[in-house]
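First comes the structure, then the notes that go with it.
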Amino acid sequence: MCIIVTGGAGFIGSHLVERLLEDGHEVVAIDSLWTGSTKNVKKFEENKNFRFIEHDVRHSLPNITGVTAIYHLACPASPDHFEESPIEILETCFVGTKNMLDFAVGCGARILIASTSEIYGDPKVIPQSENYWGNTNSFGPRSCYDEGKRITEALAYGYQRKHSLKVRIARIFNAYGPGMQLNDGRAVPNFIVAAMKGQPLTIYGDGSATRCFQFVTDCVAGLNALMNSEYSRPVNIGSDVETKVGEIAEMIVELVANKVGSATRAPVNHLPARQDDPYRRKPDIGLAKDVLEWKPVVNLREGLDVTVNWFLEKEQKSNGTNGTNGHI
Ligand SMILES: NC(=O)c1ccc[n+]([C@@H]2O[C@H](COP(=O)([O-])OP(=O)(O)OC[C@H]3O[C@@H](n4cnc5c(N)ncnc54)[C@H](O)[C@@H]3O)[C@@H](O)[C@H]2O)c1
């Protein structure tokens, strides 16, 4: 089977490519390298089943034959990008997704769309099940992403109905793990990098907001299970273990302090909560358990331990080679 992964040089995409290659598939990763990096896919270079195409999905795809499945992940996911590039993100969500759906129709492939918990906005219902319609702001700093992802779902639904396309929709909740960019702008890498440098960890709000963090291999297993299922409506893919952001910061400070043997613990700097940032976020994953027989298996401390080790190794390599200030 030839499988396309758009966003294949990104964080989740590169882990997905790894899993698909391990399973013996031929994989084509398509990525514009906007927020991803060829460093994430360098390790697959020697694999004859792997091909990388640098391409922006906002433009029509080059000819690729024999494609049976498409994982469409291409889209920035960090709030830093929402503020910098709202129009480009909206274009990626609409034009990019439309191009991939047209491509899927053309080659008769099934397609999985990476949607997000952000389509629930700042939820009024806890936990969020797939039947909850959300509480989003269409006119604010996060709207390009929240509404952009809502339109990807609406497009996917249109193609399913009009072209009988086999569409799978994964509503992904916060994922973390090795392979995130140091300057990514999301909570886990931000906290780890600050703790490694002994600098204050920045928390937006008082730290009582919650998230449910899933380790990236769990997320990839969920995407894989969904792609291979016959379920054609949206499915939440996430951990349902809710943790306060302040507690996650504490865990990371402790892990880093133990590993680097430093007695100094990085302090915490509180900034005002970001506008429209959800206060509580927790998925109901009953549907995924039922229809995919999937649930996350890596607990937070275990996953953070692996992630911190990866960041520390990267920093050591970077200092040992070119001293590039840890950029990976
Ligand atoms: N990581 C999470 O916690 C999370 C949560 C919910 C949803 N998601 C979704 O999962 C997907 C992957 O997220 P990620 O965390 O790996 O982010 P990421 O930024 O690491 O990866 C996204 C990849 O897409 C590429 N890309 C972006 N726009 C593109 C375009 N127009 N054309 C081609 N390539 C483009 C980037 O260069 C990058 O490699 C995204 O669609 C995101 O919305 C992620």
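Being loosely packed, with under 15 Cβ neighbours inside 10 Å, of a type outside the set (S, T, N, Q) and more than 27 Å from Cys144 (Cβ to Cβ) narrows it down to one of Pro267, Pro296, so name that one. Let's see the steps before the verdict.
Working: Pro296 fails: loosely packed, with under 15 Cβ neighbours inside 10 Å.
Only one candidate passes the filter, namely Pro267.
For Thr217, state whether it is within 20 Å of Leu73 (Cα to Cα), crowded, with 18+ Cβ neighbours inside 10 Å, touching a helix residue (DSSP H, G or I) at 6+ places or on another chain (Cβ under 9 Å) and not small (Gly, Ala, Ser).
Yes, satisfied.
Tell me whether region 113-120 contains one or more residues that are farther than 21 Å from Tyr204 by Cβ and without any contact (Cβ under 8 Å) to a residue 40 or more places away in the chain.
There is no residue in region 113-120 that is farther than 21 Å from Tyr204 by Cβ and without any contact (Cβ under 8 Å) to a residue 40 or more places away in the chain.
Tell me, yes or no, whether region 260-277 has at least one residue that is charged (D, E, K, R), within 16 Å of the ligand (Cβ to nearest atom), farther than 25 Å from Glu83 by Cβ and free of Cβ contacts under 8 Å to residues at least 60 places away in the same chain.
no
Quick check on region 219-231. Is at least one of its residues of a type in the set (S, T, N, Q), within 16 Å of the ligand (Cβ to nearest atom) and under 30 Å from Asp102 (Cβ atoms)?
Kept after step one, since they are of a type in the set (S, T, N, Q), are these residues of region 219-231: 224, 228-229.
Adding the requirement that they be within 16 Å of the ligand (Cβ to nearest atom) leaves 224.
After this cut, where a residue has to be under 30 Å from Asp102 (Cβ atoms) as well, the list is 224.
Looking for residues that are of a type in the set (S, T, N, Q), within 16 Å of the ligand (Cβ to nearest atom) and under 30 Å from Asp102 (Cβ atoms), one finds at least one in region 219-231, hence yes.
Does region 72-109 hold any residues that are within 9 Å of the ligand (Cβ to nearest atom), hydroxyl-bearing (Ser, Thr, Tyr) and outside any helix (DSSP H, G or I), and which are they? Full working, then the answer.
Here is the first cut: in region 72-109, the residues within 9 Å of the ligand (Cβ to nearest atom) are 72-78, 81, 88-89, 91-93, 95-96.
Those still in the list that are hydroxyl-bearing (Ser, Thr, Tyr) too: 78, 92.
Scanning region 72-109 gives a single hit, Ser78.
Within the bounds of region 57-70, is there any residue that is charged (D, E, K, R), under 21 Å from Ile169 (Cα atoms) and either over 14 Å from the mean Cα position of the chain (by Cα) or part of a helix (DSSP H, G or I) (or both)?
Yes, there is a match, as at least one residue in region 57-70 is charged (D, E, K, R), under 21 Å from Ile169 (Cα atoms) and either over 14 Å from the mean Cα position of the chain (by Cα) or part of a helix (DSSP H, G or I) (or both).
Just a yes or no: is a residue in region 44-63 within 30 Å of Ala273 (Cβ to Cβ) and out of contact with any Ser or Thr (no Cβ under 6 Å at 6 or more places or on another chain)?
The answer is no; no qualifying residue exists.
State all residues of region 16-48 that are touching a Cys at 6+ places or on another chain (Cβ under 8 Å) and either closer than 24 Å to Ala77 by Cα or within 15 Å of the ligand (Cβ to nearest atom) (or both); if no residue qualifies, say none.
Scanning region 16-48 gives Val27, Val28.
For region 78-107, what are the residues that are within 23 Å of Phe173 (Cβ to Cβ) and modelled with pLDDT under 95?
Ser78, Pro79, Asp80, His81, Phe82, Glu83
Of the residues Ile151, Ile169, only one is touching an Asp or Glu at 6+ places or on another chain (Cβ under 9 Å), within 15 Å of the ligand (Cβ to nearest atom) and among the hydrophobic types (A, V, I, L, M, F, W, C); which?
Ile169
For Leu255, only one of the following conditions fails: (1) modelled with pLDDT of 90 or more; (2) hydrophobic (A, V, I, L, M, F, W, C); (3) surrounded by 13 or more Cβ atoms within 10 Å (Cβ to Cβ); (4) closer than 30 Å to Ser143 by Cα. What is its number?
It fails just one condition, (4).
Take Ile3 and decide whether it is in contact with a helix residue (DSSP H, G or I) (Cβ under 7 Å, 6 or more places away or on another chain) and modelled with pLDDT of 95 or more.
Criteria met by Ile3.
The values are calculated or read from the model by the stated rules, or taken from the named source; none is laboratory data. Since the model is a prediction, treat every value here as computed from it, not as a measurement. Positions of Cβ are backbone-derived with ideal geometry, glycine not excepted, and every protein chain shown enters the neighbour counts.
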